[in-house]
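To keep things clear, I will list the structure first and then write my remarks on it.
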Amino acid sequence: MFAIEDWSKEKVHTVMREVLFSFNYMWFLMEEWAKQNCPEKAQGEEFQRLSEEFGRYQAQRLEKVVDAKLTGVARLAAFVRHSHWCAFEEIELTPLSDHSLRMRTLNCTAQKAARKWGMPHYACGQSGLRLRTGFFRGVIPTAQVARVFTPPDEKPAGTPAEAACEWIISI
């Protein structure tokens with residue numbers, strides 16, 4: 001186990017960030033391997049359920065660090081700000097009402113990696129929906145997630161060029 005009590009805050013931050021990036025990279029590789037080697041299973045319910053379970057579990061773990069007094073859209077936003085999305089991505093959160101929130105990923109690292117590896121895009125729509133559904137329902141059980149667009153979908157008019165995906169979360 002890390003002797004983090006003996007480490008500087010900077011070292012803890014750096015080590016944990018590198019560990020997070022390593023896990024993110026491995027997830028990307030494993031998901032792509034599954035899509036290439038067993039495509040019927042990678043698109044199946046059992047595989048997609050893993051994304052939903054990851055989202056739910058992350059929300060459960062974050063209960064320990066997010067202010068329990070927060071409610072509604074503010075609660076959803078606080079969880080996102082502590083999530084893996086904000087560890088890796090530039091996330092834009094826009095409250096649309098007292099009951100809904102828009103979540104955009106700008107300059108997505110997964111899309112950049114896909115292009116670097118010669119892929120036209122990283123197809124994250126189905127697993128992204130399941131991941132967010134598990135996550136937001138882990139925060140507020142009645143939460144609903146709607147996909148506005150993910151690659152390779154056309155972006156709605158007026159959407160910033162740097163937006164890689166967009167979701168509406170409602171409670």
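So the values come out like this:
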read-out	value
Residue pairs meeting the criteria (Cβ under 8 Å; at least 6 apart or on separate chains; first more than 21 Å from Gln126 (Cβ to Cβ), in segment 157-171; second of a type in the set (A, V, I, L, M, F, W, C) and assigned to a strand (DSSP E or B))	Pro160/Leu106; Glu162/Leu106
Segments classed as helices (runs of 4 or more DSSP H), wholly inside segment 1-71, with at least 3 members that are surrounded by 12 or more Cβ atoms within 10 Å (Cβ to Cβ) and of a type in the set (Phe, Trp, Tyr)	9-37, 45-62
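No value in this document is a laboratory result; all are computed from the given coordinates. Not measured: the values here are computed from a predicted model. Cβ atoms come from the backbone with ideal geometry, glycine included; neighbour counts cover every protein chain shown.
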